[in-house]
Amino acid sequence: MSFFDHHYNDQTARERMVRYQLEARGITNPRVLDAMRKVPRHLFVPPERVYDAYSDHALPIGEGQTISQPYMVGLMTELLDPAPSHRVLEIGTGSGYQAAILAELANEVVTIEREETLSQRAREVLESLGYRNITFVVGDGTEGYPPLAPYDGIIVTAGAPFIPQPLIEQLASGGRLVIPVGHRYEQVLTVAEKDEQGNVHVSEHGYCVFVPLIGKYGWQSETDGEWEPEGVV
Ligand code: SAM
């Protein structure tokens with residue numbers, strides 16, 4: 001018997017999450033809200049954190065990584081605005097929760113993760129939930145995934161020092177890239193849209209905090225970009 005059988009109904013927990021964390025903060029896209037009402041977030045967190053699955057914060061998922069705060073998933077998905085015909089690329093599979101939300105909204109999801117153990121765990125959960133429109137790739141997502149490009153939407157769920165050029169190249173015309181860009185410990189949620197002429201328009205949507213995007217077109221290592229206290233040798 002699970003935590004939710006004992007204590008409360010997980011559907012009620014999701015309804016509250018949508019109402020008080022998403023709608024109350026201005027997320028309005030009904031397709032996004034419905035997807036977040038539907039996907040069982042508690043199946044994507046470690047068993048010892050299930051009681052916290054619908055709380056208003058990110059949670060550790062192992063390997064030093066996190067499942068993002070529900071509001072951040074909602075906001076990024078609303079900015080991406082996936083349509084039922086879209087092929088979407090996600091960089092940073094992590095727990096697989098964001099991939100599930102995307103799989104509810106788009107035709108096809110390609111998700112890349114650099115940590116093989118996380119990718120495998122996410123695949124098991126997503127397959128057990130019956131998702132058949134997700135392709136799992138283990139590798140460096142800063143290089144995108146050329147074999148299935150172009151993408152109608154690209155979402156990066158780790159913090160980048162700059163927008164990786166391969167992702168701009170693999171965006172379809174009319175496509176949209178959502179990515180946290182900035183310092184190691186704080187980023188700006190950034191949207192880059194490619195118009196029909198191939199011109200890119202960038203807009204900013206507030207501050208956020210993500211674990212680092214590590215790769216050829218990202219941070220170079222786990223410690224790259226960390227601040228060194230002045231005067232300490
Ligand atoms: N979207 C995830 C979810 O729903 O649980 C949360 C992702 S977590 C905040 C960021 C993930 O990005 C980590 O799992 C990390 O290993 C991964 N990551 C970092 N750099 C990467 C890269 N270059 N390519 C692919 N994945 C990367």
Taking the options Arg41, Arg25, Arg49, Arg16, name whichever one is within 17 Å of the chain's Cα centre (by Cα) and not acidic (Asp, Glu). Arg41
(1) surrounded by fewer than 21 Cβ atoms within 10 Å (Cβ to Cβ); (2) more than 15 Å from Glu193 (Cβ to Cβ) all hold for Gly174 apart from (2)
Report yes if some residue within region 134-149 is at pLDDT 95 or above, buried (at least 22 other Cβ atoms within 10 Å of the Cβ), under 17 Å from the mean Cα position of the chain (by Cα) and near the ligand (Cβ under 9 Å from one of its atoms); otherwise report no. yes
Cβ-Cβ distance below 6 Å, separation of 6 or more or different chains: which pairs start in region 94-115 with a residue that is more than 20 Å from Pro147 (Cα to Cα) and in contact (Cβ under 8 Å) with a residue 60 or more places away in the chain and end on one that is outside any helix (DSSP H, G or I) and more than 12 Å from the ligand (Cβ to nearest atom)? Leu105/Pro82
Any idea which of Ile112, Ile179, Ile163 is in a loop (DSSP other than H, G, I, E, B), within 15 Å of the ligand (Cβ to nearest atom) and either open to solvent by 20 Å² or more (accessible area, probe 1.4 Å) or closer than 23 Å to Trp219 by Cα (or both)? Ile163
Across region 66-105, what is the total count of residues that are more than 9 Å from the ligand (Cβ to nearest atom), open to solvent by 10 Å² or more (accessible area, probe 1.4 Å), under 17 Å from Met36 (Cα atoms) and assigned to a loop (DSSP other than H, G, I, E, B)? 4
When the residues of region 182-222 are filtered to those that are of a type in the set (Phe, Trp, Tyr) and closer than 22 Å to Tyr145 by Cα, which remaining residue is nearest to the ligand (Cβ to nearest atom)? Phe210
For region 58-65, state whether one or more residues are surrounded by fewer than 24 Cβ atoms within 10 Å (Cβ to Cβ), under 12 Å from the mean Cα position of the chain (by Cα), part of a loop (DSSP other than H, G, I, E, B) and of a type in the set (A, V, I, L, M, F, W, C). yes
When residues of region 26-48 are limited to those that are under 14 Å from Asp10 (Cα atoms) and open to solvent by less than 30 Å² (accessible area, probe 1.4 Å), the one nearest to the ligand (Cβ to nearest atom): Phe44
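The values are calculated or read from the model by the stated rules, or taken from the named source; none is laboratory data. Everything quoted here is computed from the prediction, not taken from an experiment. Please note: Cβ atoms are built from the backbone with ideal geometry, for glycine as well, and neighbour counts cover all protein chains shown. To get the accessible areas, we keep the full protein, side chains included, count just its heavy atoms, and leave off ligands, DNA and RNA. Shrake-Rupley method; radii C 1.70, N 1.55, O 1.52, S 1.80 Å.
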